[in-house]
Each structure stands twice: as C-alpha cells, then as structure tokens.
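**Q** Okay, handing you the structure first.
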Amino acid sequence: MNIMEIFDTMEYGPAPEAANPGLAWIQEHQPFGLFINNKWVKPASKQYIESINPSTSKPLARVAAANSADVDKAVKAARRAFESWGKTPGHVRARYMYAIARHIQKHSRLLAVLESLDNGKTIRETRDIDIPLVARHFYYYAGWAQLMEQEMPGFAPAGVVGQIIPWNFPLLMLAWKIAPALAMGNTVVLKPARYTSLTALKFAEIMQEVGLPPGVVNILTGEASQVGEALVRHSDVNKIAFTGSTDVGRSIRRATAGSGKKLSLELGGKSPFIVFDDADLDSVVEGVVDAIWFNQGQVCCAGSRLLMQENIADRLIAKLRTRMEHLRIGDSLDKAVDIGAIVSPGQLKEIQRLVNQGVEEGAEMWQPSWACPTEGYFFPPTLFTNVSPATTIAQVEIFGPVLVAMTFRTPEEAVALANNTRYGLAASVWSDNINLALDIAPKIKAGSVWINCTNLFDASSGFGGYRESGFGREGGKEGLYEYARPAWEAKAAQELHIAKDSGNGVPPSNGPILAEQQEEGEEAEEREGDSDNGRVYDYHSALPAIDRTPKMFIGGKQVRPDSGYSREVYDRQGHVIGQVGEGNRKDIRNAVEAAHAAAGWASGAAHTRAQILYYIAENLSAREDEFARRIVQQTGAGHAEAANEVQAAISRLFSYAAWADKYEGVVHRPPLRGAVLALPEAIGAIGMACPDKYPLLGFISLVAPAIAMGNTIVVIPSPQSPLSATDCYQVLETSDLPAGVVNIVTGDRDTLSQVLADHDDVDSMWYFGPLEGCQRVELASAGNMKRTWVSYGHTRDWLNTVQGEGQEFLRESTQVKNIWIPYGE
Ligand code: NDP
C-alpha cells in the first residue's frame, strides 16, 4: 500500500469524550428543583418534565415544571434582591461577575459535556466555542460593571428582568442575557428552553458557589405556556429579553404593549452568504461549512442562503458536494464529529417537512451518499440548487442543516437578493476585493456583516437584527442600554410605584400617563391669562391678517389633505385661531412613499446633514419673534417663556448639527486578528407623533436627531398646537433640505399613528402621547416588528437638556451594524 492509498483509505476512529462526569452530576441532583433565592425549591405543580439526549433519544434528566405561582415567587425574590443589588457599587458587582467567569472556566469541561448531552451539539463546539464565549462574556461585562458609574453617568438599572432563552445555545444565550443585566445592577428571573435546562441549572449551582446574594439570579425551568407567558405578563417585571422565533417574539410584543416594560427581541434570520467570483473558493467552502453546518444549522444567523456569482457557481457547487461527502455526523460526544443531533423529534420533523416542500416546489435537492445514525435525531447536510427566490425554502427559516443556493450576476443583483427577506440578522460577503466587500456591507440590511468569515461572535461586538429579526443589541456597550434607563426616568417610575403602593388613587396601569396629563392640565391653568415675568402679549391683535391655512408637507411640497376636510385649532380660551388639514390614511401612505423616495439622505455625507441642520436653525432664528408669537397664541404661554422655547429649539438644532458628524461608532478589537467596525446606521423611515407640550421644541427635538442620523420621517405634529410645526414648512423649504426627508401630516394623533404603526414600510415609530395610544402603537408594531419608542409613564421636560436631547435620541435614531474584517494572509 503506498502513501496515497493510505491517505485514501484512512478512516477516523471513535474519539469519545467521557459522558460519566456529566451523567454522575445529573444523577446526584435529579429531580432538579427550581432555583429561587439561591435555594433549590420544589415546583408548586409538583410536576417534572423529562430531558432527552438527542444523540440517543434516551431520557437524560428530570427537571421541575414551574408554573405561575413559582414565577410570582421568583419575581418577588428578584424584587427584594433588587432593592440592594441595584444600589451595590459597580466594583462589588464586578467582583461577583469576575468570580462567575472564573468558576465557569473551572467547570468548563463539565459544562461542555452537559451541553452536548442535553442539546446534541458536538463537544468540539461546546468545548471550543460555547463555553469559552460564556466565560468571556462574564469577564467582559465585569468590566462594564466596574466602569458603569464613570462611563454611564445618569443611568440606572432597569429593575427586575425576565429573560427567556432558546435551546440552540443554551448556556451562551444565558450568558448573553445575564451578564449585561447583572453588570447594570438588575436582578433576573430566567427561563431556559424546555429541551435544554441542564447547563442553566449547573450555572445556578455556580451562583451558590460564588455566593451571589439571594434573589439576584433565579432560574425557572418548565413549559412556555406555564413559565414564559407568566413571566412576560407579570406586572412587577420591568424588562423582558427574549431570543427565539419571530412568531413568539411577535406575541411577546403584543403581550407587553402598553405595559411600560422594556423589551429586546433577538429573533430569526435567513442570512445571505454572498460569494463573488474573485473569492478564494476553498476558503469559501470551509466558510459554508461553518455557516450552515455549525450547530446543525440551528443558528439564528446561519448563512442559509448561498448567493453565488453565476460564473463560479458550478465550480463552487462541485467543491461543496465533495466536502459534504466528507462531513461526519454522529454522537455529540465524539470529538471527531462535525455534525451532531437535532435538538428534538419535533424540530427534526419540521426540517423534513420544509425539505419535502422544497422538492415539491421544484428545487433540486442533494445529500451525501452516507447514511445518518439510526439512533437519535439526525438530519444529513442538505443542499438545494435551482431555487427560485420566492419559494418557501428561500424565504422561511428552516433552522436545520439545509442550504439553499441561488446565483446572481452583478453586485447590485447580489444586494437585491440578499435583502429579499423579511429578516435582517446577519450576512457574509466573500471577495478578495476589499473595496467591493466594503461597498456591499453597508448596503445589506443586517445587524452583523462578516467579510471573508462567518459566525464570529464576541462579547465586545453587539449582535442583533434589523427588520423582523428583532430589535435591541446583545454584546458590546450598546447591549448595556437594554438593561439600563435614564436615572430621571427610573426615579419618576419609582415615585409612581410608591404612590401606587400607598393607594393614593393613581391606578397602576395608566398611572404614569395620568400624572403627565394632570401636570399638563395644571400648567395649562397656570398659563391662562398668563402675564409671566415678561411683557403681556395681546396675541389676538397679533394674528396675521391674511389667511394662511396650512396644507400637508409631503415630498417637499405643500399639498391639500386627501380628505378635503380641515380641523380647527383653538387657543386656551377656546377661540378658533386657525385650521389645519385633516390627514388620513392616504396622506400617510403618500408621506411614507415620499420618505422612502428620499432614502438617499442616509448615504449622503454627515457634514452635509450638519450644514442643513445649521441652515434650518439660521432660518428659524430669522423668524424667532413670529414663532414665539405663535407659541403664545396656541398655548397661552408668556412671551418670554415662548421666546425661550424658540431659543431652545434653535440650540437643539445646533446640538444635532454638531452630532451629525460625531456620532460615529467604534472599532472593536475582539480576540482575533482583525477589527470589527461598529457603525450606527439610519433606521430608515421613522413615523413620529409629537407631544402637546412645547409644540415647537417637542417637534424639533424629535425631528432633528432623526434626520441628523440620516433617517427620513413622517411627523404628526401636536394635535392641540400644530401651527408651530406647520409654520416650519417655509423654514424647511428654504434650508436646502431635500424633498421627502421631512414629511408633516396634521390631524388626529391616534388615528394617524395607528396607520403609521400598521404600515409595513415604516421601520420605527415614536409616539409621545397618552397611554392608550402608546399601547396601540406597540400592539400594531408587531405586524412587521418595527421598533417603537413611546412615552408612557414619563413626563419629559423638553427644556431640560438631560431629558430633551442627547445620546438617547441618537440611539433611537440608529441601529448598529457590526462589520467583521479579519486580516492577514
Ligand atoms: P420558541 O421561540 O418557541 O422558543 C424560544 C423560547 O421561548 C423557549 O424558552 C420557549 O419555551 C419560550 N416560549 C415559547 N413560547 C412562548 C411564549 N408564548 N411566551 C413566552 N415564552 C415562550 O422556539 P422553538 O423552540 O419552538 O423553535 C421554533 C423555531 O423557532 C425554530 O424552528 C427556529 O426557526 C426558531 N428559533 C429561533 C431561535 C433564534 O435564536 N433566533 C432559537 C430557537 C428557535 P419552551 O422551550 O418551553 O417552549
């Protein structure tokens, strides 16, 4: 036998990792209890569920099935713990988190074995990827706990956090959720997925080992219908963080609408893997293996759509088939296995169903010649060619080892195909031409773009989606804001909580808003006949002599309302002081269309946007007195107060002109040879409903940051005092603002907001109005999972620069894209 023959006939022998340490640990602890207040407690239901080893389909462990009574108990424990943990100095939290990271490393092999037994993923991955990343997360966020006071002044923890995680990366998802939450001083109730609870339970044991104060982390195993839903609906939970399917994400959005809970959703994906003809095809093949066969393809950001430049497609497919023929599938504890088991029989069935559908729809399916093990839940790596972009397998998340391949001819076509999905989680771009790759990256609507690499993750670099892949980021500094809120807001919420508890008549659900309305009411009374410290202004005699009935401002033009109706505008004494158009669904539709047509605004130079904002300020300043009179006329404010509001609006325009070219993102240095560019990008078309208070300043405070960051907008001015916004038409027209960047539709705030929130082409909706409106906006937003920013519970003082401007507004105006660029030969 010569050497070539030896190479050809060599086979891998079995290389099993010992299961015993994991099995012994399970034996010692089961049936597992719930982890509440640092103690193991029996579930109220006295019921247990079975965990199965997917590699063998044999029972592995019995874990407790919690119900709503346990959820209540855990939330109470977390609330009690929050009273002190929320005030614990950052350095103390950092020490605990550092200890957690160390203990994870100390137990790393046991954790890796347990994860492989419970989930079916290969030991190679749990040992070398999942568990090291878990430790890295706790180290990284221990650093942010230490730095919070200096680096995030003016921020407070969100409170008690409910976290719901999926089964595909059980311990890693736990770390992504718990580490930033603890770093910011929150307490946690976490529900693992029903199939994969074991590493979360080992993590609970680690909490005991490090002596974390009781109640800071609570872990409830069980079914979604009993635990997940109760956690989402619990009235004493301040934030929900969820990773899982888009359908469940949508139902959570609806369930939390109007509740005032913060929400972050990491949902599904159908990520493109784009190969240009100058890419190194051998590297590409290994990239595809990582993209779609890593974790059996059960990865939200799996590169499940292979987009190949047409002239290399045949060569690449041939290479890929050869490689697939050599992939090894089998027991998750075998160290020489590439592909492990699918998590459950249900998931296996779903993959098979979608694959059958692909065949029925006419795509060509290819699988390697070898057979899968007959014991356990296995599915072979599968490749579809001859796929039409509109078919189910090209659109739906299969969440299995199934790759669908399509071709393109030009870079433009590649971008169009890549973006032809309702998702926007990640993308890979493969080309030896870095100019081309960096030209493509910003054009793809996705939260992470990997250049000549794929599926790279690190605690330093945020991860999260665009569109129906959800909102919010995990990782990086941006991930911290999901678990913190401005201190003034937290204080206001706390005061209302106390008021609620002392039964002073503020109803729990709509208390915050009532407070806001009440305050506005009181202020209005004070303002009546106001003479303030400045001069008394006779605004009736100051009305302009010529009738100026404002129209809508759409696509840079003043257009009549579609309805042909107008609505009257009153002063505080009830006199009619003007009319504005009664906007309707069609006006909004036209405005959204105009906003989309102006999307080029985002790709222009930030310097130009800054110049235009300065120009708007200049033109507003030239008409300062007129704008002040209009405020006096509408609100009854004194002239000095109104003039002050105009000044504040001019200053605000200056602030965002300044920020336009300074909110630039950062370069991360994860542990790899390369860099990650974290770039804040415009969200797209934003709908916004303005507050009644400060009709000019409220309007400018929302419009300016959004357009400074490159968004185009459709604004509904204050329905009570819309004339300050409609007076801005001429200011905008004379300030070189491109048509369609700002569109203004007057009318009923709630009717028009509903249309915007329902609209599939609106990417984010801001709403500053009554609670019922906030709830309606959040509910409607679930349609296309648009981001929302609503005002519930908090009276914002628009004159105050801490509350009325700054980075909070810029964060709401952007989404961070992380572009991974490894380098070196
Ligand atoms: P789900 O979205 O149903 O589950 C994810 C987590 O949410 C689990 O802990 C689950 O609990 C819980 N959950 C489910 N329903 C609710 C609810 N109504 N309220 C609160 N919590 C709930 O994912 P599946 O496990 O059912 O997988 C289905 C599909 O979802 C996959 O095929 C895949 O396409 C996608 N998916 C995407 C993931 C991602 O990372 N983006 C991760 C996992 C799945 P329980 O386990 O008890 O059901």
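The values are calculated or read from the model by the stated rules, or taken from the named source; none is laboratory data. If you're wondering where the values come from, they're calculated on a predicted model, not measured in any experiment. Cβ sites come from the backbone with ideal geometry, for glycine too, and all protein chains shown count toward neighbours. Note: accessible area is taken over every heavy atom of the protein model, side chains too, but ligands, DNA and RNA are not part of it. Shrake-Rupley method; radii C 1.70, N 1.55, O 1.52, S 1.80 Å.
**Q** For region 289-305, indicate whether the set of residues that are open to solvent by 10 Å² or more (accessible area, probe 1.4 Å) and away from the ligand (no atom under 16 Å from the Cβ) is non-empty.
**A** yes
**Q** Residue check: is residue 202 of a type in the set (D, E, K, R) and away from the ligand (no atom under 16 Å from the Cβ)?
**A** yes
**Q** Kindly state which helices (runs of 4 or more DSSP H) lie completely within region 224-329 and contain at least 3 residues that are under 17 Å from the mean Cα position of the chain (by Cα).
**A** 246-256
**Q** Now for a different question. Restricting the search to region 330-355, which residues are away from the ligand (no atom under 15 Å from the Cβ), outside any loop (DSSP other than H, G, I, E, B) and closer than 14 Å to residue 292 by Cβ?
**A** Within region 330-355, 339 is the sole residue that qualifies.
**Q** Going by what's in this entry, would residue 400 be described as open to solvent by less than 70 Å² (accessible area, probe 1.4 Å), closer than 19 Å to residue 294 by Cα, within 16 Å of the ligand (Cβ to nearest atom) and in a loop (DSSP other than H, G, I, E, B)?
**A** Here the answer is yes, as residue 400 does meet what is asked.
**Q** Can we say residue 169 is among the aromatic types (Phe, Trp, Tyr), more than 9 Å from the ligand (Cβ to nearest atom) and modelled with pLDDT of 95 or more?
**A** The answer is no for residue 169.
**Q** Another question, if that's okay. Considering region 245-286 alone, what residues qualify as being among the charged types (D, E, K, R), closer than 30 Å to residue 438 by Cβ and within 12 Å of the ligand (Cβ to nearest atom)?
**A** 266, 270
**Q** I'd like the full set of residues that are surrounded by fewer than 21 Cβ atoms within 10 Å (Cβ to Cβ) and either within 22 Å of residue 325 (Cβ to Cβ) or in contact (Cβ under 8 Å) with a residue 60 or more places away in the chain (or both), limited to region 381-396.
**A** Result: 385, 386, 395, 396.
**Q** In region 144-190, how many residues are open to solvent by less than 10 Å² (accessible area, probe 1.4 Å), in contact with a strand residue (DSSP E or B) (Cβ under 8 Å, 6 or more places away or on another chain) and outside any loop (DSSP other than H, G, I, E, B)?
**A** Result for region 144-190: 14.
**Q** Does region 425-447 contain any residue that is within 16 Å of the ligand (Cβ to nearest atom) and in a helix (DSSP H, G or I)?
**A** no
**Q** Report yes if residue 258 is at positive phi and of a type in the set (Gly, Ala, Ser), otherwise no.
**A** Against the criterion (at positive phi and of a type in the set (Gly, Ala, Ser)), residue 258 qualifies.
**Q** Which residue pairs have Cβ atoms closer than 9 Å, lie 6 or more positions apart in sequence or on different chains, and pair a first residue in region 217-245 that is at positive phi with a second residue that is crowded, with 24+ Cβ neighbours inside 10 Å and among the hydroxyl-bearing types (Ser, Thr, Tyr)?
**A** Close Cβ pairs satisfying both conditions: 222/197.
**Q** Then there is this: Do we find a residue being open to solvent by 40 Å² or more (accessible area, probe 1.4 Å) and more than 23 Å from residue 337 (Cα to Cα) anywhere in region 124-131?
**A** No: region 124-131 contains no residue that is open to solvent by 40 Å² or more (accessible area, probe 1.4 Å) and more than 23 Å from residue 337 (Cα to Cα).
**Q** Just checking, how many residues over region 246-257 are closer than 13 Å to residue 786 by Cα and without any contact (Cβ under 8 Å) to a residue 40 or more places away in the chain?
**A** 0
**Q** Go through region 221-244 and give me each residue that's closer than 18 Å to residue 779 by Cα and within 7 Å of the ligand (Cβ to nearest atom).
**A** Across region 221-244, the qualifying residues are 229, 232, 242.
**Q** From the set of residues in region 403-421 that are touching a residue at least 12 places away in the same chain (Cβ under 8 Å) and part of a loop (DSSP other than H, G, I, E, B), which is nearest to the ligand (Cβ to nearest atom)?
**A** Among residues in region 403-421 that are touching a residue at least 12 places away in the same chain (Cβ under 8 Å) and part of a loop (DSSP other than H, G, I, E, B), the one nearest to the ligand (Cβ to nearest atom) is 421.
**Q** Under 8 Å between Cβ atoms, at least 6 apart or on separate chains: pull out the pairs that start in region 644-658 with a residue that is over 22 Å from residue 630 (Cα atoms) and end on any residue that is among the acidic types (Asp, Glu) and not in a helix (DSSP H, G or I).
**A** Taking only residues 6 or more apart or on different chains, the pairs are 655/805; 656/805.
**Q** While we're looking at this one, here's another question. Would you check which residues across region 109-122 are closer than 14 Å to residue 18 by Cα and either buried (at least 24 other Cβ atoms within 10 Å of the Cβ) or under 26 Å from the mean Cα position of the chain (by Cα) (or both) and list them?
**A** Passing the criteria: 111, 112, 113, 114, 115, 116, 117, 122.
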